[in-house]
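Asker: My questions will all concern the structure given below.
The values are calculated or read from the model by the stated rules, or taken from the named source; none is laboratory data. Note that the structure is a prediction, hence the values are computed from the model and not measured. Using ideal geometry, Cβ is built from the backbone for each residue, glycine included, and neighbour counts are taken over all protein chains shown.
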Amino acid sequence: MTTFTIIDDGTPAEVQATVEDGRIRVAPVEVECALQWELKPEGFCLGPVCYPLPPDSDVATDAGIDIAALAELIGRPAAIDTAEGAAYLGVPARERAQPLAFLSAPDFTLPDLAGTPHSLSDYRGKKVLLAAYASW
């Protein structure tokens with residue numbers, strides 16, 4: 001067993017995991033604490049939403065829950081680095097696609113060069129040019 005960090009859309013949780021053949025396996029109780037997904041007879045559930053386990057699935061075995069397979073089952077992108085002991089589960093594609101369906105940018109607030117904060121929503125109905133820069 002080794003300590004492994006699971007980051008659920010930006011929120012980290014430390015769990016005890018077994019790494020074998022490139023798979024990270026975590027006890028069901030640890031998955032529930034870290035991700036709030038509970039293994040029930042009907043499948044993996046989060047509140048009223050349940051994803052049934054496919055027949056002959058190896059997502060959940062006696063060795064634990066395969067984090068990559070769970071992420072795939074629930075439709076979440078996952079980046080896993082076994083050498084660093086970390087996994088990141090992103091937002092489901094359907095949630096990322098919602099703002100695009102309405103062709104509107106999500107609201108955010110940033111300061112100008114003088115430090116005055118400006119929100120995108122302050123400029124609704126007006127044309128706005130956003131310039132972004134990154135040093136990398």
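Asker: Strands (runs of 3 or more DSSP E) wholly in segment 34-119 with at least 1 residues that are surrounded by 12 or more Cβ atoms within 10 Å (Cβ to Cβ), in contact with a helix residue (DSSP H, G or I) (Cβ under 9 Å, 6 or more places away or on another chain) and of a type in the set (A, V, I, L, M, F, W, C) - which ones?
Answerer: Fully inside segment 34-119 and qualifying: 38-40, 43-46, 64-66, 78-81, 86-89.
Asker: Report, ordered by the first and then the second residue, all pairs with beta carbons closer than 6 Å, sequence separation of six or more or different chains, a first member in segment 83-104 that is modelled with pLDDT of 75 or more, and a second member that is surrounded by 12 or more Cβ atoms within 10 Å (Cβ to Cβ) and part of a strand (DSSP E or B).
Answerer: These pairs meet every condition: Gly85/Phe4; Ala86/Thr5; Ala87/Ile6; Ala87/Ile80; Tyr88/Ile7; Tyr88/Ala79; Leu89/Asp8; Leu89/Ala78.
Asker: Something else now. Can you tell me how many residues in segment 38-81 are closer than 17 Å to Glu14 by Cβ, in contact (Cβ under 8 Å) with a residue 24 or more places away in the chain and under 18 Å from the mean Cα position of the chain (by Cα)?
Answerer: Matching residues across segment 38-81 total 3.
Asker: While we're looking at this one, here's another question. Taking the residues in segment 1-13 that are within 16 Å of the chain's Cα centre (by Cα) and either at positive phi or free of Cβ contacts under 8 Å to residues at least 60 places away in the same chain (or both) as candidates, determine which candidate is surrounded by the most Cβ atoms within 10 Å (Cβ to Cβ).
Answerer: Filtering first and then ranking leaves Ala13.
Asker: Restricted to segment 82-100, and to residues that are among the aliphatic types (A, V, I, L, M) and over 20 Å from Tyr123 (Cα atoms), which residue is nearest to the chain's Cα centre (by Cα)?
Answerer: Looking at the filtered set, the residue picked out is Leu89.
Asker: Can I ask one more? Can you give me the number of residues within segment 120-136 that are in a helix (DSSP H, G or I) and either aliphatic (A, V, I, L, M) or within 30 Å of Leu73 (Cα to Cα) (or both)?
Answerer: Adding up the residues that qualify gives 1.
Asker: Write out, first by first residue and then by second, each pair whose Cβ atoms fall under 8 Å of each other, whose residues are 6+ apart or on separate chains, and whose first residue, in segment 14-25, is at negative phi while the second is among the polar types (S, T, N, Q) and not in a strand (DSSP E or B).
Answerer: Val19/Thr82; Ile24/Thr82
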